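For reference, the structure is listed below as structure tokens.
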Amino acid sequence: MADQSTRLTTREAAERLGVKPETVYAYVSRGLLTSRRAEGGRGSTFDATEVDALARRAARRPGDDTPGSGGTGAGAVGPVRTGITLIEKDRYFFRGVDATELAARYGYEEIAEWLWTGVMRPGARFTAPEQTLAAARRSVAALPAHSGPVDRLRVTAIAAAAADPLRFDLSPGAVLGSARSLIPALVDALPPAGQPHRGEGRLAWRLWSRLTERTPDDASLRVLDAALALLIDHDLAASTLAVRVAASARAHPYAVVSAGLGALEGPLHGAASGLAHRFLVEVLERGGAAPVVADHLRTGQPVPGLGHRLYSGDDPRARMLFRLLDAVPQAAPALAAARDVVETAARHTPLHANVDLALAVLSVASNMPAEAGETVFAVGRTAGWIAHALEEYAEPPLRMRPVGHYDGPKPPQPLP
């Protein structure tokens with residue numbers, strides 16, 4: 001094992017990696033290695049430990065200068081350094097702090113501000129400029145009546161971008177200014193489902209009146225605020241990776257969020273809570289989980305709301321939301337149905353409840369549409385996307401560029 005302080009020249013690093021010196025600099029431009037100017041300013045040096053780690057995971061085939069090819073020749077972006085979220089031993093942490101403990105003490109806007117800046121601002125609130133909000137509302141109002149929530153959020157992001165002539169300023173202060181106006185615009189441009197109520201200054205309170213006409217109680221609003229906070233980030237999920245690719249190309253923050261929304265809409269990501277909602281409604285209608293779970297197993301479909309590839313036990317987000325939902329009286333039937341689903345499925349497969357099932361309990365209990373969980377997911381995750389964009393803007397541009405392995409007809413082919 002190399003000493004932590006050992007520095008290698010470019011030639012020495014190339015020899016350890018088995019590549020050409022110019023390839024070493026290509027790795028630097030793609031974020032796979034970091035370099036430091038040598039003393040005297042001539043040439044670059046590289047940390048030996050980092051070089052050795054890259055060599056170990058390269059698994060190159062002979063003649064392939066791309067690390068991480070795994071014998072296929074396909075380029076790999078490599079691990080993406082991030083100081084935002086760590087998932088470890090069925091827990092997850094925002095900047096080293098347990099995310100569930102943060103959500104238990106602070107609201108969504110406060111945690112978002114802290115994640116972006118490292119400074120906790122109790123009572124932080126997000127408001128959109130009137131010009132931005134007016135443009136977003138006009139654009140959303142022009143959509144067909146059957147448009148889904150992510151359609152409205154995407155259009156809002158585009159309208160907010162068009163209303164911001166300074167959107168191409170990627171300095172941290174400018175990006176944060178855009179974020180603080182875009183996130184509330186995403187919420188406030190949604191058509192209202194119910195009447196505004198006290199506490200409308202908080203984002204979760206305003207979002208509630210866009211999701212259901214039911215008058216909320218304090219316990220229900222607490223669940224929604226906690227859900228937004230818990231969903232801020234979850235490492236490099238598909239939408240977050242799309243965000244970092246866009247930020248690597250120096251897309252402005254509104255375009256970065258649009259990239260995240262595009263990936264989020266898939267049924268295996270943000271839309272998964274809608275599947276869990278419909279599943280839970282069927283369980284309630286049929287009086288128990290057994291026949292509904294049996295139907296899914298018979299047809300080979302996975303049971304919605306169960307299992308997560310990053311957790312062997314309970315999803316900590318679901319665990320906290322279920323605990324908060326216990327304090328919501330009208331959530332009792334949906335909560336009992338969700339627990340029935342978990343217990344019934346456990347007879348066949350060792351899967352635990354995930355955050356989609358918890359969102360489904362909230363949406364079913366609150367008379368929200370099936371897509372409500374997707375809206376909560378998207379709004380909450382936007383703060384995390386901005387955090388990742390800020391990190392990526394500080395990295396070398398265009399580093400998220402894997403190399404394709406061509407497997408088409410061998411050239412030269414005749415002209416068609």
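In table form, for the structure just shown:
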{"item": "Residue-by-residue Karplus 3J(HN,Hα) for segment 399-405, coefficients 6.51, -1.76, 1.60, Hz, glycine and proline x", "result": "7, 7, 10, x, 9, x, 9"}
{"item": "Angle in degrees between helix 48-58 and the longest Cα principal axis of the chain, rounded to the nearest 10", "result": "70 degrees"}
{"item": "Identified option (computed mean projected area of the Cα convex hull in nm²; candidates (1) 21.4; (2) 26.3; (3) 19.9)", "result": "(2)"}
{"item": "Neighbour-count ranking [beta-carbon atoms within 10 angstrom, fewest first] of H277, H146, H252", "result": "H146, H252, H277"}
{"item": "Relative packing of peptides 392-399, 321-328 - highest average C-beta neighbours within 10 Å first", "result": "321-328, 392-399"}
{"item": "Additional length obtainable on full extension of the chain from R81 to L268, 0.36 nm per residue less Cα span", "result": "64.8 nm"}
{"item": "Low-density loop cleavage sites - trypsin sites (Lys or Arg not before Pro) in segment 166-258, where at most 16 other Cβ are within 10 Å (DSSP)", "result": "R198, R214, R250"}
{"item": "Efficiency of FRET between T6 and A394 - r from beta-carbon atoms, R0 22 angstrom, step 0.05", "result": "0.25"}
{"item": "Cα centroid separation, segment 273-344 to segment 194-268 (Å)", "result": "22 Å"}
{"item": "Label-point separation, A145 to D169 (7 Å along Cα→Cβ), nm", "result": "4.3 nm"}
{"item": "Value of relative contact order over the chain, rounded to a whole percent, pairs C-alpha under 8 Å and six or more apart", "result": "19 percent"}
{"item": "15 Å beta-carbon shell around I111, net charge (K/R +1, D/E -1)", "result": "+2"}
{"item": "Computed over segment 263-355: relative contact order in percent, which uses C-alpha pairs under 8 Å that are six or more apart", "result": "35 percent"}
{"item": "Relative contact order (%) - criterion: Cα under 8 Å, at least six apart; region: segment 93-158", "result": "20 percent"}
{"item": "Over the chain: helical MRE at 222 nm, DSSP H runs n ≥ 4 each giving -39500 (n - 2.57), nearest 500", "result": "-16000 deg cm²/dmol"}
{"item": "Stretchable slack from R298 to L284, in nm (0.36 nm times residue separation minus alpha-carbon distance)", "result": "3.1 nm"}
{"item": "Segment 91-235 shape via C-alpha gyration tensor axes, a/c threshold 1.5", "result": "oblate"}
{"item": "Helix 355-365 axis, angle to the chain major axis (alpha carbon atoms, nearest 10°)", "result": "20 degrees"}
{"item": "Folded to 0 to 90 degrees: helix 130-141 orientation relative to the chain principal axis, Cα", "result": "70 degrees"}
{"item": "Amide H partners (placed H, <5 Å) of L306, local residues excluded", "result": "N354"}
{"item": "Computed lengthening from D314 to E22, 0.36 nm per intervening residue step minus Cα-Cα distance", "result": "100.4 nm"}
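Any read-out appearing in this document is the output of simple, stated calculations on the displayed coordinates, not a laboratory observation. All values reported here derive from a predicted model rather than from experimental measurement. Methodologically, a virtual Cβ is constructed for each residue, glycine included, from the backbone with ideal geometry; neighbour enumeration extends over all protein chains shown.
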